[in-house]
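Worksheet: the structure to be examined is printed underneath.
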Amino acid sequence: MRPRELTLRGFRSYADETSFGWDDRSLVGVVGPIGSGKTSILDAISFALYGKTPRVERDTKSLINQRRDAMHVSLTFDVDGETWKAVRTLRRGGASAHALYRLEDGAEMEVTDRAREMGERIESLLGLDFDAFRRSVLLAQNQFAGFLEATATERNQVLKGVFGFELLDAMRTIAKERLDGLTGQLAVLSDRRQTAGVDRAELDKRHTDLEAAEARSAALEELRAPFEEMKEMIGESEAKAADAEKRASRLGDMAGRIPDRDDTDELFARAEKSGGDVAATEKELAAAEQRRISAGEALEERLAAIGGRAGLSEAGDLVGAWRSAREQAGRSAGGEEVARKAAEAAVSATSEAARAQAESLAAAEAAAVSESESRTTVDQARDSLRRILQDHRAHAVRADLVVGEPCPVCSRPVKEIPETEAPAAVETAERAVAEGVQEAERLGEASLTATTEAAQSGTAAAAAEEARIKAAEAATGAGEAAERDRTALDEVSAAVAALLGEGDPEQRLAELRTAVEAAELTLSETTSTEQEARAALEEARAVATAAVAALALLRTELATLTGALDVSAEVGESPESLRSALVAVREAWNGQMRAAEEDLERATEKAEAAGVARRDLLEGAGLAESDDIVDVISAARAEVTGLAGMVEVLEKRLADLERLDTDEAELIGASETLTRLHSDLAPSRFLEFVLDERRRALGELASEHLEVLTAGRYRFDDSGDLLVVDLNAADAVRSPTSLSGGETFLASLALALALAEIVAREGGRLDAFFLDEGFGSLDPEHIDLAMDGIERLVTTGRERLVVVVSHVPALRDRIEDLVQLDRDPVTGDTRVVSGAS
């Protein structure tokens, strides 16, 4: 299988239609960021061929792009010199579509449009079912070790498909089918020989039956003419009866359309009465209209007295303004009094704050004087302490003085020792200094406190003065506002009095509104009476119109009935004319109904008599009443023909007995040949021998590749079971499942390369190879070795296509032909950058 073109639309991340051409391409790399749709290309090839992918085998509708309602995939590919096209379409709602075409001279010829038949045909063309395909051709992401880790039976299935050995299974099946057919034929020949005597007895019986059937057929043929005569008579009678019954049915349907006399009399009376009712209601309506007009004029007079509804509205607004002005004036007067009292309180507070400030200043000054005096006393105590200390030092020096020796202070010779008094006590002087300092500090703190209080009382006095000024200003403003509101109230009161007169404005407005509402109520009542009178007139007119329409309908119906009954009565517009026409219609209907019933009775009696005659004719021939003579004659003829044919067959079968011996000998010889062929083609014989040879050849070549790819560490053993030999561990034999991820990938790749090379040498059908990822687990050295093997696979093939999907940067440098994909940052859909063809 060699792909030529892949087209997909609505498939996974490919929302729009995208095509990939594979002609004239050998080694193709598919690169792009994660989620750009690289693996989807291989999934689409798998889906086009098998209707599923390595990761999605059942819920295939999940492959539809999330922004599309359907997906479409088509793959054009070559197999054994023929070109095919597989097309599959899935919809979220509705049926799917599957079709396989064979292309000849550019034309597409449909092979099948059924999914099951399409799958079977593709498996036959490729020689691979889905499992074998993904183990040998499509090494899907995270599934590339499928062939390596497969069972022996699964590997045999792949090898049979790749090398076309499934033809041996087909040949064995055909041999079995033909052998079964020959066995059946031999059984038939044996049965024929045993049944020859029975056939002779059966032939004699059939001769007798044939003579009896021919005699009965001739007797029945004689009954055809009288039977047809009776049948024709019955048909004529039944037709007349049907006609009479049809006329009676038509007249019966017409009976419901003939008006009842009582109903028409009531209609005429209603029509005469409706005319008087209309005249009376017209008078009542005129009187009601006059009363409504008078009430409207009275209302207008009431409104005109105050300038209309606008004046009434203005009066309401003025009264509302007067009420608001009165309330505002009251509030302003209260505010004025409150402001006056606040001003007086502020003056009193200012005086009190000034007195407190003066007292605080006096206290601060006294404290300052006391502190100063105390500090002076401390200074004096300190001077006294210094003098006492000096006296003590001098007294101590005098005790050491010697006349004529140097003074210890000035170094001059001492001439005489001075006389001194005993110094005062030092402790007493020091205590006096300490007590003085302590008292000075206390007085200093008291002075600071008095100064702070004086400053605070000054601040309070300033605030009280500011509050007094503001209270005075507020009192002035409140007085002015109260005067303005009193003036505004006087102005509004004057306007209200001018409009409504003297008195309580609200009471005057209420009286005016009551008068207007009374006039409006009178107008409403008269208007309602007028509307009732108008409705009564409309009802009377409707009754009169209905009566006129009913008379017209009656006139039309009578005209129709006179025509249907062929009555010559005149249908006029007067009630008398209508009554006359009704009488004529009823008389005509009664007469025609009686005639139809009589005709029906006569035709029925004649048909029954003919039926009795036909029944007697059939009973005389031994037939049932329900039998049709024509069908009976045809059945008798058919019986004669059938018996004649059976006689002919039996005579021929007896004549063919002479050739049985020759046929049986030929069938026995062919059966023995097919039995030997079926046995030789058993899986445990020839096919097992061929597959074993291929497995060993595959193992040897795969070992060479594996040893190169793993730098001489691994190879496969010689058993053909694909066990791994560890050359670095004393040739220990290991299971493939014991390999690491990267080692498993290299072993799988070695097998794939070997399988492709063997198929290429022997002209097999493996012309494509798809590898999805797996390189990420390899180091640079092994990546180069793997790519060397893949490149050799391409160069040794005829038109082999190898597609490698990877995000490893090193592969991009080794592969020239690249399909570069990207991912739309908004929709997530795939965008083909380059390399689609």
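The residues of the range 1-59 that are part of a helix (DSSP H, G or I) and aromatic (Phe, Trp, Tyr), listed by number, are Phe47, Tyr50. Within the range 498-547, being open to solvent by less than 70 Å² (accessible area, probe 1.4 Å) and either outside any helix (DSSP H, G or I) or on the phi > 0 side of the Ramachandran plot (or both) holds for Gly501, Gly503.
Return yes when Val612 is within 30 Å of Arg247 (Cβ to Cβ), aliphatic (A, V, I, L, M), over 60 Å from the mean Cα position of the chain (by Cα) and exposed (fewer than 14 other Cβ atoms within 10 Å of the Cβ) and no when it is not. Yes, satisfied.
Of the residues making up the range 565-585, those that are in a helix (DSSP H, G or I), out of contact with any Gly (no Cβ under 9 Å at 6 or more places or on another chain) and surrounded by 16 or more Cβ atoms within 10 Å (Cβ to Cβ) are Pro575, Leu582, Ala584, Val585.
Taking the range 248-268 as the search range and keeping residues that are closer than 12 Å to Leu551 by Cβ and hydrophobic (A, V, I, L, M, F, W, C), which one is modelled with the lowest pLDDT? It comes out as Phe268.
Entry remark, the range 806-835: residues being over 34 Å from the mean Cα position of the chain (by Cα) and not in a loop (DSSP other than H, G, I, E, B) number 10 in total.
Comparison of Thr89, Thr151 shows that the only residue that is open to solvent by 10 Å² or more (accessible area, probe 1.4 Å) and modelled with pLDDT of 80 or more is Thr89. Quickly run through the range 214-238 and pick out the residues that are of a type in the set (A, V, I, L, M, F, W, C) and either touching a Lys or Arg at 6+ places or on another chain (Cβ under 7 Å) or in contact (Cβ under 8 Å) with a residue 12 or more places away in the chain (or both). Result: Ala219, Leu220, Leu223, Phe227, Met230, Met233, Ile234.
Of the residues Leu749, Leu766, which is at pLDDT below 80, assigned to a loop (DSSP other than H, G, I, E, B), under 25 Å from Thr151 (Cα atoms) and under 46 Å from the mean Cα position of the chain (by Cα)? Every option except Leu766 fails the conditions. Remark: pairs (first residue in the range 305-332, within 24 Å of Arg486 (Cβ to Cβ); second residue of a type in the set (S, T, N, Q) and in a helix (DSSP H, G or I); Cβ separation under 7 Å; 6+ apart in sequence or on different chains) = Trp322/Ser493. Checking each residue in the range 301-345 for being open to solvent by 30 Å² or more (accessible area, probe 1.4 Å), among the small types (Gly, Ala, Ser) and farther than 22 Å from Ala518 by Cβ picks out Ala321, Ser324, Gly330, Ala333, Gly334, Gly335, Ala342, Ala345. Scanning the range 425-444 for any residue that is open to solvent by less than 60 Å² (accessible area, probe 1.4 Å) and not in a helix (DSSP H, G or I) turns up at least one such residue. Out of the residues in the range 48-71 that are among the small types (Gly, Ala, Ser) and touching a residue at least 40 places away in the same chain (Cβ under 8 Å), state the one that is least open to solvent (accessible area, probe 1.4 Å). Going through the qualifying residues, I end up with Ala48. Considering the range 242-296, the residues that are assigned to a loop (DSSP other than H, G, I, E, B) and under 60 Å from the mean Cα position of the chain (by Cα) include one that is farthest from Leu582 (Cα to Cα), namely Gly256.
One residue alone among Ser74, Ser13 is within 22 Å of Phe130 (Cα to Cα), of a type outside the set (A, V, I, L, M, F, W, C) and touching a residue at least 24 places away in the same chain (Cβ under 8 Å), and that residue is Ser74. Of the residues Ser626, Ser577, Ser528, the single one that is within 60 Å of the chain's Cα centre (by Cα) and hydroxyl-bearing (Ser, Thr, Tyr) is Ser528.
Can you name the residue in the range 801-837 that is at pLDDT below 80 and touching a helix residue (DSSP H, G or I) at 6+ places or on another chain (Cβ under 7 Å) and, of all such residues, is surrounded by the fewest Cβ atoms within 10 Å (Cβ to Cβ)? It comes out as Ala810. Screening Lys606 on (1) in a helix (DSSP H, G or I); (2) under 30 Å from Leu285 (Cβ atoms); (3) over 60 Å from the mean Cα position of the chain (by Cα) shows it passes everything except condition (2). Sub-7 Å Cβ pairs linking a first residue in the range 522-533 that is under 12 Å from Gln290 (Cβ atoms) to a second residue that is open to solvent by 70 Å² or more (accessible area, probe 1.4 Å) and assigned to a helix (DSSP H, G or I), at least 6 apart or interchain, are Thr526/Arg291; Thr526/Arg292; Thr529/Arg291; Glu530/Arg292; Ala533/Glu284, ordered by first then second residue. Scoring Glu229 on the criteria (1) open to solvent by 80 Å² or more (accessible area, probe 1.4 Å); (2) modelled with pLDDT of 80 or more; (3) closer than 25 Å to Ala621 by Cβ leaves a single failure, condition (2).
Does Ala362 count as free of Cβ contacts under 8 Å to residues at least 24 places away in the same chain, open to solvent by 60 Å² or more (accessible area, probe 1.4 Å) and either closer than 27 Å to Gly444 by Cβ or in a helix (DSSP H, G or I) (or both)? When the stated conditions are applied, Ala362 does not pass them.
Scanning the range 712-727 for residues being in a loop (DSSP other than H, G, I, E, B), of a type outside the set (D, E, K, R) and surrounded by 12 or more Cβ atoms within 10 Å (Cβ to Cβ) gives a total of 4. Would you confirm whether or not the range 253-273 contains a residue that is under 30 Å from Leu553 (Cα atoms), of a type in the set (Ser, Thr, Tyr) and out of contact with any Pro (no Cβ under 9 Å at 6 or more places or on another chain)? The answer is no; no qualifying residue exists.
For the range 365-382, residues that are among the β-branched types (Val, Ile, Thr) and touching a residue at least 12 places away in the same chain (Cβ under 8 Å) total 2. The residues of the range 18-60 that are more than 25 Å from Glu791 (Cβ to Cβ) and basic (Lys, Arg), listed by number, are Lys52, Arg55, Arg58.
The values are calculated or read from the model by the stated rules, or taken from the named source; none is laboratory data. In this text, all values refer to a predicted model and were calculated from it rather than measured experimentally. Neighbour counts run over all protein chains shown; Cβ positions are idealised from the backbone, glycine included. Surface areas here come from the heavy atoms of the whole protein model, side chains and all, with no ligands, DNA or RNA. Shrake-Rupley method; radii C 1.70, N 1.55, O 1.52, S 1.80 Å.
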